[in-house]
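The values are calculated or read from the model by the stated rules, or taken from the named source; none is laboratory data. Note that the coordinates shown come from a computational prediction; the quantities given were computed from them, not determined experimentally. We place every Cβ from the backbone using ideal geometry, glycine too, and count neighbours over all the protein chains shown. SASA here: full protein model, heavy atoms, side chains in, ligands and nucleic acids out. Shrake-Rupley method; radii C 1.70, N 1.55, O 1.52, S 1.80 Å.
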Amino acid sequence: SIFCEEKTLVSNSSSSQNYFSLLFLKTMTLRSVAIASTLSLGLASAQETAGANPIQNENGLVRIPMKKRSDHEMVAAHLKRERDALLLALKEKDAKVADVESDIEISKLAASAVLRGSQPKFGDQMEEFLTEGKAENVIIKDYSNAQYYGEVEIGTPPQKFAVVYDTGSSNLWVPKINCQNCGYWFIHGGKSKFDSSKSSSYQADGSDFHITYGSGDVEGFFSFDTVTLAQDLQITGQKFAEVQDAGGLGIGYMMGQFDGILGLGFETLSLGGATTVFKNAIDQGVVNQPVFAFDLGDEGDGELTFGGYDDSKFKGDISWIPLSAATYWQIDIENISLGSFSSGATSGIVDSGTSLITGPSSAILQLATSSGAMPNIMGEYTIDCGKVDSIPNLEFQINGKTFTVPGKDLVISSAGTCLFAMMGMDIPQGPQWILGDVFMRKYYTIFDYQNQKVGLAEPN
């Protein structure tokens, strides 16, 4: 793998294998995703994209509105990535490689030209990916493609931030004042940045928060402060990271609609030994139950509920699935099928921080081929919009039951372009599949922290 040399540098590390897997899943060595998020350059601040004010109802459930990035933006971002890759490749050809003629050489240049800090032998590996139909291998999880954002507050008085509520990671981080590579005022009004001098509950820690991504570094330091969920639930003494240089996330973060990340995974994945926000909420008794749930809906914005689940959001019974590992929200999968494709027994995670469904590159290639989708030079798949209705259903056999994503819902479409909502990602260790928002939109999804299980139910 081209990512084998990547390392995560953390304080008080207790499980290098888990940290490596986390890093691989979160590494943002993506192409011009960076530039892709320049699409909606309105002057609204990032926190305004998080939706309406959170509310708490009479049952003690805390609801945080989740703002959805539009399908139009997702498709436009794809088209821009593809166009920029080709332009950069052609520029490289004209300026440096006069003898480049073949399509595969152009593709190699397209991929490497948009990667910051490309690995030494990336070109050769890209040729192998392309010739074997594995170009999608290069695409890995990238928060710039995240579709849902919500609000969190840090400090006293509270400072508001738009964050990705991410079940696939475990730390809370936001940019600090004077953060480098953390956005500009004329893009979404700029990032909201934490100012410790304005918080009476702030406590310094100072230990390093430092992750090396394939595209560069993200650096900062840990601190403690009060974190508020839904304006009412206060978690005191929460360890979080103040990021002072987000260059490793690329321009995609600077142009994106979120300020930071709030991880909802387990402590075993937490960098710096930080207790997670939700675990602290449980320990401090600020939630009624050690449970949270996502209602992402099909078309519009979603909702995140803390302290239990809302039975008015679904019909029928809840299918409970025990975790196979309490690191990510990882489950055993008996089979994944579409048309003639069958995966056999495998593993996966339910991940709110990933917009698509991901799997091994060879499997995704087969699924895409069975669906009539074709890869572009960046390894992303598109399909003729006229064929969408003929895409077979994708079925997951989990804990003895079948969970279906209809074929038509495996497509994100806008303005005559249809993206295939699956991508390849070869993970050297850990779960093989990521069931992201495309899957979660089809089911009301409940996360039971204490009993270490996930519940799925048919939404209303």
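The table below lists the values:
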| read-out | value |
| --- | --- |
| Gly430, sole failed condition from (1) assigned to a strand (DSSP E or B); (2) under 24 Å from the mean Cα position of the chain (by Cα) | (1) |
| All positions within region 432-457 that are closer than 14 Å to Gly265 by Cα and among the charged types (D, E, K, R) | Asp448, Lys453 |
| Identity of the residue in region 361-384, surrounded by fewer than 19 Cβ atoms within 10 Å (Cβ to Cβ) and in contact (Cβ under 8 Å) with a residue 40 or more places away in the chain, that ends up farthest from Ser414 (Cα to Cα) | Ser362 |
| Sole exception among (1) over 20 Å from the mean Cα position of the chain (by Cα); (2) open to solvent by 40 Å² or more (accessible area, probe 1.4 Å); (3) modelled with pLDDT under 90 for His210, by number | (1) |
| Hits in region 312-324 (condition: touching a residue at least 24 places away in the same chain (Cβ under 8 Å), open to solvent by 10 Å² or more (accessible area, probe 1.4 Å) and in contact with a strand residue (DSSP E or B) (Cβ under 9 Å, 6 or more places away or on another chain)) | Lys313, Phe314, Lys315, Gly316, Asp317, Ile318, Ser319, Trp320, Pro322, Leu323 |
| Failed condition for Asn451, given (1) outside any strand (DSSP E or B); (2) in contact with a strand residue (DSSP E or B) (Cβ under 7 Å, 6 or more places away or on another chain); (3) not acidic (Asp, Glu) | (2) |
| Subset of region 328-347 (residues that are in a loop (DSSP other than H, G, I, E, B) and either open to solvent by less than 30 Å² (accessible area, probe 1.4 Å) or at pLDDT 95 or above (or both)) | Tyr328, Glu334, Ser343, Gly344, Ala345 |
| Single residue of Thr369, Thr358 found to be assigned to a strand (DSSP E or B) and not small (Gly, Ala, Ser) | Thr358 |
| Criterion (open to solvent by less than 10 Å² (accessible area, probe 1.4 Å), out of contact with any His (no Cβ under 7 Å at 6 or more places or on another chain) and assigned to a loop (DSSP other than H, G, I, E, B)) met by exactly one of Gly300, Gly308 | Gly308 |
| Residues that are modelled with pLDDT of 90 or more and within 27 Å of Met425 (Cα to Cα), drawn from region 141-161 | Gly150 |
| Residue in region 226-236 that is closer than 26 Å to Gly302 by Cα, open to solvent by 30 Å² or more (accessible area, probe 1.4 Å), touching a residue at least 60 places away in the same chain (Cβ under 8 Å) and not in a strand (DSSP E or B) present | yes |
| Number of the condition not met by Phe439 [criteria: (1) at pLDDT 95 or above; (2) surrounded by fewer than 21 Cβ atoms within 10 Å (Cβ to Cβ)] | (2) |
| Out of Phe221, Phe240, Phe292, sole residue that is in contact with a Leu (Cβ under 6 Å, 6 or more places away or on another chain), part of a strand (DSSP E or B) and modelled with pLDDT of 95 or more | Phe240 |
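So that you can scan it fast, the table gives a plain yes or no per residue for (1) open to solvent by 10 Å² or more (accessible area, probe 1.4 Å); (2) touching a residue at least 60 places away in the same chain (Cβ under 8 Å); (3) within 17 Å of Leu338 (Cα to Cα):
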| site | (1), (2), (3) |
| --- | --- |
| Gly386 | yes, no, no |
| Phe396 | no, yes, yes |
| Lys401 | yes, yes, yes |
| Pro406 | yes, no, yes |
| Val411 | yes, no, yes |
| Gln429 | yes, yes, no |
| Gln450 | yes, yes, no |
